[in-house]
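Student: Pasting a structure here, questions to come.
Every number here is computed from the coordinates shown, using simple stated rules; none is lab data. Note that the structure is a prediction, hence the values are computed from the model and not measured. Every residue, glycine as well, gets a Cβ built from its backbone with ideal geometry; the counts of neighbours run over all protein chains shown.
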There are 2 protein chains.
Amino acid sequence: MGIIVQKFGGSSVADATKIKNVAKRIARTHEEGHSVVVAVSAMGDTTDNLIRLAHEISIDPPERELDMLLSTGEQVSIALLAMAVSELGYQAISLTGTQVGIITNGFYSDARIQSINKARILSELERGRIVILAGFQGVSIDNEITTLGRGASDTTAVAIAATLEANRCDIYTDVEGVYTADPRVVPNARKHNQVTHDEMLEMARLGAKVLHSRCVELAKKFSVHLCVRSSFSEAEGTMVVREDEMIEEVVVSAVTSDKDQAKVSLLGVPDIPGIAARIFQAVADEHISIDMVIQTTNPKGTADLSFTVTEKDLQAAIKIIEGLKGEIGFDSVSPDKNIAQVSLVGIGMKSHVGIAARMFQALADANINIQMISSSEITISCVIDETETERAVRTIHDRFELGGASS
Amino acid sequence: MGIIVQKFGGSSVADATKIKNVAKRIARTHEEGHSVVVAVSAMGDTTDNLIRLAHEISIDPPERELDMLLSTGEQVSIALLAMAVSELGYQAISLTGTQVGIITNGFYSDARIQSINKARILSELERGRIVILAGFQGVSIDNEITTLGRGASDTTAVAIAATLEANRCDIYTDVEGVYTADPRVVPNARKHNQVTHDEMLEMARLGAKVLHSRCVELAKKFSVHLCVRSSFSEAEGTMVVREDEMIEEVVVSAVTSDKDQAKVSLLGVPDIPGIAARIFQAVADEHISIDMVIQTTNPKGTADLSFTVTEKDLQAAIKIIEGLKGEIGFDSVSPDKNIAQVSLVGIGMKSHVGIAARMFQALADANINIQMISSSEITISCVIDETETERAVRTIHDRFELGGASS
């Protein structure tokens, strides 16, 4: 049998009891004859607590020192998990990012993995040991500790799985898999047995919290078999697979929503070529990404322009636009936080027509007004009033008959 | 000006406010024109809390994993201290034992430093940076994180000072220096301006808590100028110097006491050559060190034998002796925790006679019974009833007129 990589998030290792449970699960996989490599996050709220401590000392702590600080969180959890596995009578060894040789580009707090030295891991596996790695961290070629950004333990796990050509990379989390919609919003949401990397990527982009885009991109690039499953149950989970590996024919996979969206509306913009480009360039220069855009010409011969950004970027975007007022000469700019994006994702939408129309009709029948629309090959998204989010998700989920018993 | 190494213990960096105060002190030394290298312990009770967490998971956690766990404590404090120094407008960089290259022999939980790579530290100092090092930890040649034993941040500081040929190594602690006796026991105890390495070593061995023997041994070996001083006051502190550097003529430097002693008494031991050796070998085989020994022959022609061990070794020592009963055939063995050792330390005792007699007379005058006696070139120790400890210390301190204003 080959190598299985297992990743456990912070909530799965939040205390001694949970760590012992995770150890049992790891031991079971080892007993099944697999070589087991585990990537772990920091315990529970550790990372947030360390950040709070840093901010008691400095409003804007140096990023290098913040990485030095935060990387201790995973070092604590790998040591404790290795102890728990040893306590069950199995050989385990914990390794930091530095010890493995997870080489990064040295961008503190948001480093990218450049290479992974697999020699140490393989030699430990050959000795029959269970290898427990610190997620989220790496080391630059200058021997500096770097972290990979929030939620990046998933990325560590997938990168390790790719490097070791593992049979599977299991991401253990607090949900049982990938659903047709958030089960807290749609009680009859169905868990998928399979989704494609592209669907998973779009779901992550469009508001599903289950996996980070970066880890899915990496899994797609290296054809890693990702499995999302629960730390707290024995349920099968959802496999994230290549499109040619999909067994089921699915048109629509999921309805997602994202309330972390805001709209910037400019009224009375001169209708001259290049004005929109000037505005978007100014916003992009401040590293703010714009999602949807809509432009309409009004009877006065000027244009009204709206675009969406994430809520955290809203104030900065408004400031940039106001700074352009003298140069461009629009009438007014206004922010609107009270919007949300609901989206439909499905690999089968490539080859099926009429999906968008059915979605719009469902919203219309429910008296939910669509403010903006965008689509890609496998998604359709609508901006609506934020207060209608849950109702919109349920309406669309029903219309496409996504609910029911687990497929 | 040269390099000054400063070491701050856990109580000096116990919270954000204290860390900021330490940062100010470091910055001041830097402002005076020195190159500053700092060694730091883990914050407050961090190490104890991590050990507790480990024991929630395993009664006897693997030492490698315990070192992996505990070394995070210092990594947190160096990062926070570097942030605090940066916040004051100075350039600071934290370095782990691995990053410095504090190479150890790989004995987990009690590693010995074999070499220190000074290149990284020197290059950071040349860039004008304040270098903040994790105490207590090193790395083996196999890239394994090892810790140096409790209280070993002092050792790190002295080893670094020796390697860098620093002008001085300041050990900041919660007392103002080295006293003629514990000021909590003897209110008029006097702070020394100077003591020799040998005196400091004996004081550490005989119960003074201010410095660990290992760090003093290292300082002696490499002629490091150690200074013990307070993190919380501006007082001058005590210099630990070579004997030829002593300015003052001192006969007696300090009265120390150690309650962490216990006595094992064997009654009716056959008075045959080799019996005592057999007993002590059996105890030594279990890595229990024996301090004082007394043997008396009783009228029945058998011997009574007593020896002292530290309290934590008492149960194990009794067990070993009981295991020898069949082989040796003594009458009985009994433990006694209710003893303490009071000692007199002074470099001048080498060349002065009558010191021991004065000490015994002082105890006799105070009606304190001496159970055992031992001495070295610069010490005399008496075992007495534990309940008399403080009174004995005060009595001896008075008799040798050690008190008074700071010398």
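Student: Sorted from shortest, what are the nm distances separating the label point of B:Asp260 from equivalent points in the other copies, each placed 7 Å from Cα along Cα to C-beta?
Tutor: Nearest to farthest, the other copies are at 5.1 nm.
Student: Also: Just from its helices, what would the mean residue ellipticity at 222 nm be for chain A, if runs of 4 or more DSSP H residues each count -39500 (n - 2.57) and the sum is divided by every residue, rounded to the nearest 500 deg cm²/dmol?
Tutor: Taking each H run of at least 4 residues, the total per residue is -10500 deg cm²/dmol.
Student: Right, here's the next one. Using Cβ contacts closer than 10 Å as the measure, can you line up A:Leu66, A:Leu266 from fewest to most?
Tutor: If I rank by nearby Cβ atoms, fewest first, I get A:Leu66, A:Leu266.
Student: A follow-up question, please. Could you quickly flag the chain B residue whose beta carbon comes closest to the rotation axis taking B to A, and that distance in whole angstrom?
Tutor: B:Thr72, 2
Student: Moving on. Using a basic spin-label model with each label point 7 Å from the Cα along Cα→Cβ, how many nm lie between A:Arg391 and A:Ile272?
Tutor: Computed distance between label sites A:Arg391 and A:Ile272 equals 4.4 nm.
Student: Mind checking which lysines have their C-alpha under 24 Å from B:Lys337, skipping anything on the same chain fewer than 8 residues away?
Tutor: Output for B:Lys337: B:Lys209, B:Lys259, B:Lys263, B:Lys312, B:Lys319, B:Lys325.
Student: Obtain the nm distance between the two label points defined at B:Gln114 and B:Ser233 by a simple spin-label model: each point lies 7 Å from its Cα along the Cα-to-C-beta direction.
Tutor: 4.4
Student: Next question, about the same structure. Estimate the FRET efficiency between A:Asn143 and A:Gln295 by the formula 1/(1 + (r/R0)^6), using the beta-carbon distance for r and 60 Å for R0, to the nearest 0.05.
Tutor: Computed FRET efficiency for A:Asn143 and A:Gln295: 0.70.
Student: Would you mind listing the distances between the A:Ala316 label point and the same position in each other copy? Use 7 Å along Cα-to-C-beta, nm, one decimal, shortest first.
Tutor: Taking the point 7 Å beyond Cα along Cα→Cβ, the inter-copy spacings are 5.9 nm.
Student: Still on this structure, please answer the following. Return B:Arg229, A:Arg127 ranked ascending by Cβ neighbour count within 10 Å, so the fewest neighbours appear first.
Tutor: Least crowded to most crowded, the residues run A:Arg127, B:Arg229.
Student: What ranking do A:185-191, A:152-158 get when scored by the average of other Cβ atoms within 10 Å per residue, highest first?
Tutor: A:152-158, A:185-191
Student: Need the list of aspartates and glutamates near B:Lys220 for cross-linking: C-alpha distance under 13 angstrom, and skip anything on the same chain fewer than eight residues off.
Tutor: Correct list for B:Lys220: B:Asp198, B:Glu199, B:Glu202, B:Glu243, B:Asp244, B:Glu245.
Student: Can you tell me how region A:8-105 classifies by the Cα gyration tensor, rounded, prolate or oblate, using a/c under 1.5 as the rounded cut?
Tutor: prolate
Student: Further, regarding this structure: Length gain on complete extension for the stretch B:Ser334 to B:Glu63, per 0.36 nm per residue less the alpha carbon to alpha carbon distance?
Tutor: 94.2 nm
Student: Toward the positive end of the charge dipole of chain A, about the Cα centre and with charges on Cβ (Lys, Arg +1; Asp, Glu -1), which of A:Ile121, A:Val240, A:Gly135 goes farthest?
Tutor: Result: A:Ile121, furthest along the dipole toward the positive end.
Student: Moving to a separate point now. Put the label 7 Å from Cα along Cα→Cβ for B:Gly329; what are its distances to the other copies, in nanometres, shortest first?
Tutor: Reported distances to equivalent positions: 12.0 nm.
Student: Something else: Residue by residue through A:62-73, how many Cβ atoms from other chains fall within 10 Å of the Cβ on average?
Tutor: For this peptide, the per-residue mean of nearby foreign Cβ atoms is 6.
Student: Rank these for me by crowding, A:Thr310, B:Thr173, going from fewest to most other beta carbons within 10 Å.
Tutor: A:Thr310, B:Thr173
Student: 7 Å from Cα along Cα→Cβ at both B:Arg242 and B:Asn105: what's the point-to-point distance in nm?
Tutor: 2.6
Student: I would also like to ask the following. What shape does region A:94-187 have by the C-alpha gyration tensor, where a ≥ b ≥ c are the square roots of the eigenvalues, rounded means a/c under 1.5, and otherwise prolate means a/b greater than b/c and oblate the rest?
Tutor: It comes out oblate by the Cα gyration axes.
Student: Using a ≥ b ≥ c from the Cα gyration tensor of the protein assembly as shown (square roots of the eigenvalues), is it rounded, prolate or oblate, where a/c under 1.5 gives rounded and otherwise the larger of a/b and b/c decides, a/b for prolate?
Tutor: Prolate, since a/c reaches 1.5 and a/b exceeds b/c.
Student: Ignore the peptide's own chain and count Cβ atoms of other chains within 10 Å of each Cβ in A:91-100; give me the average, rounded.
Tutor: Per residue, the number of nearby Cβ atoms from other chains is 4 on average.
Student: Would you list, by chain and number, the lysines whose Cα falls below 20 Å from the Cα of A:Lys118, excluding same-chain residues fewer than 8 positions away?
Tutor: Leaving aside lysines fewer than 8 places away in the same chain, those within reach of A:Lys118 are A:Lys7, A:Lys221.
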